[in-house]
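Working notes, structure below.
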């Protein structure tokens, strides 16, 4: 039956699932397309911006090479002869060059070998009588041979200029130089390559590789820690490229390219990303609109498809309800509703299964009544057998215990009876003293059997308190001092002082005494060691005796099992119970150093307990 706590029907859930799946598939596909489109657009914009910088640098390189060629042509002209002390041919050549050429818009200077301006066109006072001999760039020109040199200067009369200096060499000797001056604030062939027909919101900078700004003329240097400085530094490594960075308070794309043409000029174009991605954003909006339309279509398709699928499922639900409540079978018009597709076949099979289930249900109910009676009868039999088995085991345990006790008492009483008869028959015999000692020994052994049996039969009650394990062990050794002396045994105790942990000192002392007594009776050398490892207090009692046989190792902790003539067989089982009451273990193995037996006691300790 439909749960009262579930407000969602199967049709609603299926509609949600199908709609979500369709929406996710369309959304994921659309998201991937939008992301891929944005990535491709970003890569395309980066390539286009780098190509812009490369094209403008190529155009500027062509213009600079034209300027170089013009000065080189003039320098090779026969009219340029500074050794004849006649400046008129050179002056005429400079005048013709300035009038018929638009390359050098500001001035063309003729400089002597010592750096003095000997001719200038136009013939203005600010150009005449200039001396450049003490300037570093002029000294570099003198040493450069015939190579052209570019020099940038801030002229007080015309502003920032690009000076192209062509050495004049005659017979491999520097005799002077021609210097073309191009004022960047006036009409020239350099600035158009940087300024004309740029995309909107594009900023252009011409700088040298030291960071000095050539154009625009209102800037002197790029800021050392700015993105402009990083771009100029990148030009030292690559001829061209594009990098993203922040400048002017906005994320921007920088494209750079080196001009070359015997110059160290770098062309840099900056355009903010918001201006670059305007078209991309429009594409994203279009894709988002298409995606939204697809989501709506997917939701509608999910609703229709869920209604189509849940119609046969509703029939299945009704059939399940009838099966659960034991009602009659379906009506005869169901087959006309479900149709003949796979779901219809499923519904028909399910309805047929419903009929068979009803028949089998009747059969099972009848069989269940019979089975219940058989189970009840069998349960009574098993309970009676279990009680009988428990009684048998109890009597067997009592018989084993009684036999062991009777055996011990019989041996002791036989010895006592023989001794008493001998004493009564001949009380003055010298053997009476020896028999008296034997009587006392048998009485003590009987007392030991009774005490051991009493200790073993009681559940150990622990009185835990902080104890020093070293003190407990030495107390046990002192208690067995007479036995140790009689046996001539050597007991070595290797325990650090102040080994404190919480335990029942009397019980642990009893365990140590049992283990020590067995070790002394087995060999002549006994080593007792104690330590703390991995949260456990470990006590080792090892001897140099013959060790333990395999049979003794298997049965050593069973009550009344002993390998000693006068043993009770309760010492090790009692010790095991005491150790287990402390949550520990008692293990037996071969002693690696002495060759005999090694009994190991492991008792867990709390982390907060301290050990000295």
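The values are calculated or read from the model by the stated rules, or taken from the named source; none is laboratory data. Computed from a predicted structure; not experimentally measured. When we count neighbours, we look across all protein chains shown, and the Cβ atoms used for this are built from the backbone with ideal geometry, even at glycine.
Observations on the structure shown:
- For the range 244-257, the condition of being touching a residue at least 12 places away in the same chain (Cβ under 8 Å), out of contact with any helix residue (DSSP H, G or I) (no Cβ under 8 Å at 6 or more places or on another chain) and outside any strand (DSSP E or B) holds for at least one residue.
- Qualifying position, being assigned to a helix (DSSP H, G or I), closer than 19 Å to residue 253 by Cα and modelled with pLDDT of 85 or more, among 44, 61: 44
- Every pair of residues 6+ apart whose Cβ atoms lie under 8 Å, when the first sits in the range 228-241 and is more than 21 Å from residue 216 (Cα to Cα) while the second is loosely packed, with under 15 Cβ neighbours inside 10 Å and modelled with pLDDT of 90 or more: none
- Evaluation of residue 532 against (1) closer than 14 Å to residue 600 by Cα; (2) at pLDDT below 90; (3) surrounded by 18 or more Cβ atoms within 10 Å (Cβ to Cβ) (one fails), failing number: (3)
- Condition check for residue 93: surrounded by 13 or more Cβ atoms within 10 Å (Cβ to Cβ), farther than 26 Å from residue 263 by Cα and modelled with pLDDT of 75 or more: yes
- Filter pass, residue 546 being out of contact with any strand residue (DSSP E or B) (no Cβ under 6 Å at 6 or more places or on another chain) and under 13 Å from residue 468 (Cα atoms): no
- Number of the condition not met by residue 232 [criteria: (1) in contact with a helix residue (DSSP H, G or I) (Cβ under 6 Å, 6 or more places away or on another chain); (2) in a helix (DSSP H, G or I); (3) within 30 Å of residue 67 (Cα to Cα)]: (1)
- Flag for residue 568 being touching a helix residue (DSSP H, G or I) at 6+ places or on another chain (Cβ under 6 Å), modelled with pLDDT under 80, buried (at least 18 other Cβ atoms within 10 Å of the Cβ) and part of a loop (DSSP other than H, G, I, E, B): yes
- Verdict on residue 319 being under 30 Å from residue 357 (Cα atoms) and either buried (at least 18 other Cβ atoms within 10 Å of the Cβ) or modelled with pLDDT under 70 (or both): yes
- Within the range 533-552, if we keep just the residues that are in contact (Cβ under 8 Å) with a residue 40 or more places away in the chain and part of a strand (DSSP E or B), the residue that is farthest from residue 513 (Cα to Cα) turns out to be 536.
- Residues of the range 75-95 classified as touching a helix residue (DSSP H, G or I) at 6+ places or on another chain (Cβ under 8 Å) and part of a loop (DSSP other than H, G, I, E, B), total: 5
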